[in-house]
1. With respect to D158, determine if the residue is away from ligand 2 (no atom under 14 Å from the Cβ) and within 20 Å of the chain's Cα centre (by Cα).
2. Please list, ordered by first then second residue, the pairs with beta carbon atoms under 6 Å, 6 or more apart or interchain, first in the stretch 168-189 and closer than 14 Å to T235 by Cβ, second of a type in the set (S, T, N, Q) and within 11 Å of ligand 2 (Cβ to nearest atom).
3. Please find, among G79, G98, G102, the residue that is of a type outside the set (D, E, K, R) and assigned to a loop (DSSP other than H, G, I, E, B).
4. Has the stretch 194-201 got any residue that is surrounded by 16 or more Cβ atoms within 10 Å (Cβ to Cβ), touching an Asp or Glu at 6+ places or on another chain (Cβ under 7 Å) and in a helix (DSSP H, G or I)?
5. Return a yes/no flag: does the stretch 83-94 have any residue that is outside any helix (DSSP H, G or I), out of contact with any strand residue (DSSP E or B) (no Cβ under 9 Å at 6 or more places or on another chain) and free of Cβ contacts under 8 Å to residues at least 24 places away in the same chain.
6. Just for strands (runs of 3 or more DSSP E) wholly inside the stretch 270-385: which have at least 2 residues that are away from ligand 2 (no atom under 16 Å from the Cβ) and crowded, with 16+ Cβ neighbours inside 10 Å?
7. Conditions first: (1) under 27 Å from I141 (Cα atoms); (2) buried (at least 19 other Cβ atoms within 10 Å of the Cβ); (3) acidic (D, E). D267 passes all but one, so which condition is the exception?
Amino acid sequence: MADQFDYDVLVIGAGPGGYVAAIRAAQLGLKTACAEGRETLGGTCLNVGCIPSKALLNASEKFHEAKSGLLEKHGIKLGSVAMDVPAMLADKDKAVSGLTGGIEFLFKKNKVDWLKGYATFKDAHTVEVLGKSVTAKNIVIATGSSVTPLPGVEVDNDKGIIVDSTGALALKKVPGHLVVIGGGVIGLELGSVWGRLGAKVTVVEYLDQILPGMDGEVRKEANKLFMKQGFEIKTGTKVTGVAVKGKKAVVTVEPAAGGEAETIEADTVLVSIGRRPNTQGLGLDKIGLALNARGQIETDHEFATKVPGVWAVGDVIPGPMLAHKAEDEGIAVAENIAGLTGLVNHNVIPSVVYTYPEIAGVGLTEEQAKEKGAVKVGKCPMLANSRAKTIQETDGFVKVIADAQTDKVLGVWIIAGPAGTMIAQAAQAMEFGATSEDIAYTCHAHPTHNESLKEAAMAVLGKPIHI
Ligand code: FAD
Ligand code: NAI
């Protein structure tokens, strides 16, 4: 340890970026502490993000399968089916506490000191946590992000009328009508949860299509599938106000391009219009660290900021706000601090929407790829996949986008039941610089959903067998 400091590394924030950075740094022999103000470790992801949302998605999907008669086609006959919402929430809380407790165990195992409290910079090597100064040779900012508020719309998660994602993970009963503001990942995942449990779901999206950032064809197909599931989707529509009247909310909307306003009555309104980096109260002015126009901390490829000794990873820096991206950056920053080479390939970060079917992508969209040059595209509908046909879940497709000259895979997009699992293969192939031919000539087990990826790659080469 550098003698003049309390620690070699002090990480601020114990989300997937921060806790992983802290554990890796400690594994590399650096004396490490992690400051976290929340009562449990794991950040947004474990406490109010990935984990509780996936617990509810899983429970609601099982309920929907049983309730809607979907299982009858397989010969499964059920009696009456009911949802016990408090029991579902308790089960979700159990998953969260198991995992957050697991991080506490890993901190102890790896000898990472948890400084309980919010940290503020005093200078580039000193932070204050609960009135106590702590010094470190290296400080990693991993403070994550919070819900972007909608001006004029006040969230009150306790009342359950206007909520953000945290409130929508803990609604005490199924709302009759849930209006979701923002047709992004959170709106569609949490809209799916409550929709499956019986709520009517209306999604209001400012842009002319849901799921910004995803491949155009995927966005259109997803829109169609959500409508088929009963969602009402109002694209090209902006919310101009939400008023609470008794136990209801009245949402005023109008066409994004301007026009006549209308009102929608809702039992619950979910505000899910994005997230913004957590930098307030960090005292960045004390260390002369400026933010970019989007309020993010800029770093170089080693995750070093402009201030020597201060590093940053995760949602607080540019790039997709995803747990696995934060984790990989956490490992890389620790390795860089230790004098090793820690890199993250930001061109190959998969993203998954955990609805049913799942929606996943990695690399460029077809639109982005075409802007860069000529491409070849191969598609395989899930209808042509024997496993999907066998289980009668044939919505969706796999699409492989390859460079027309080199055949190198530039992007893969999937809508399919297990798309989130399937995309890992595509990400690995792309990380290894695969061509579509490499995927097409890799033997895939039969019958699996992944055979559709092989088939789509064969379609890029112009020689599919099953389509
Ligand atoms: P965070 O997880 O936000 O952690 C930052 C931590 O820093 C927090 O615990 C905070 O309390 C702490 N902190 C902040 N300031 C200070 C301070 N000054 N001192 C001490 N501590 C501080 N991503 C996925 O990849 N897959 C998913 O399925 C997924 N689902 C999601 C579902 C929801 C509902 C939400 C909201 C997000 C979801 N995400 C998902 C996004 C994911 O949660 C984030 O990308 C991820 O948590 C970012 O990690 P992070 O470490 O950068 O920050
Ligand atoms: P988002 O950025 O995914 O979607 C927000 C949507 O709201 C956009 O479509 C946007 O056009 C729309 N919007 C913005 N202002 C609006 C307005 N005034 N009226 C109507 N629509 C408006 O953000 P979201 O869903 O809040 O998620 C935040 C982050 O959390 C995302 O970046 C995502 O990466 C992460 N996340 C990831 C998950 C996953 O990986 N499965 C799950 C949930 C969240």
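1. On the way: away from ligand 2 (no atom under 14 Å from the Cβ): yes; within 20 Å of the chain's Cα centre (by Cα): no.
Spelling it out, it is not the case that D158 is away from ligand 2 (no atom under 14 Å from the Cβ) and within 20 Å of the chain's Cα centre (by Cα).
2. Listed pairs, sorted by first residue: G182/S272; G187/S272; L188/T355.
3. Values: G98 fails: assigned to a loop (DSSP other than H, G, I, E, B); G102 fails: assigned to a loop (DSSP other than H, G, I, E, B).
Just a single option satisfies the conditions, and that option is G79.
4. Yes, the conditions are met somewhere in the stretch 194-201.
5. Within the stretch 83-94, the subset outside any helix (DSSP H, G or I) is 83-84.
Checking which are out of contact with any strand residue (DSSP E or B) (no Cβ under 9 Å at 6 or more places or on another chain) leaves us with 83-84.
Pick out the ones that are also free of Cβ contacts under 8 Å to residues at least 24 places away in the same chain and you get 84.
Checking the stretch 83-94: at least one residue is outside any helix (DSSP H, G or I), out of contact with any strand residue (DSSP E or B) (no Cβ under 9 Å at 6 or more places or on another chain) and free of Cβ contacts under 8 Å to residues at least 24 places away in the same chain.
6. Details: elements: 275-277, 310-312, 351-353, 358-363, 375-381.
Counting at least 2 such residues, we get 310-312, 375-381.
7. With (1) under 27 Å from I141 (Cα atoms); (2) buried (at least 19 other Cβ atoms within 10 Å of the Cβ); (3) acidic (D, E) applied to D267, the lone miss is (1).
Rundown of residues vs (1) more than 26 Å from V193 (Cα to Cα); (2) of a type in the set (D, E); (3) more than 10 Å from ligand 1 (Cβ to nearest atom); (4) not assigned by TED's automatic domain parsing to the domain that holds E128, yes/no style:
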residue: G15; (1), (2), (3), (4): no, no, no, no
residue: A33; (1), (2), (3), (4): yes, no, yes, no
residue: L46; (1), (2), (3), (4): no, no, no, no
residue: G49; (1), (2), (3), (4): no, no, no, no
residue: A59; (1), (2), (3), (4): no, no, yes, no
residue: L70; (1), (2), (3), (4): no, no, yes, no
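The values are calculated or read from the model by the stated rules, or taken from the named source; none is laboratory data. Source: prediction; values computed, not measured. Positions of Cβ are generated from backbone atoms using ideal geometry, with glycine treated the same way; all protein chains shown enter the neighbour counts.
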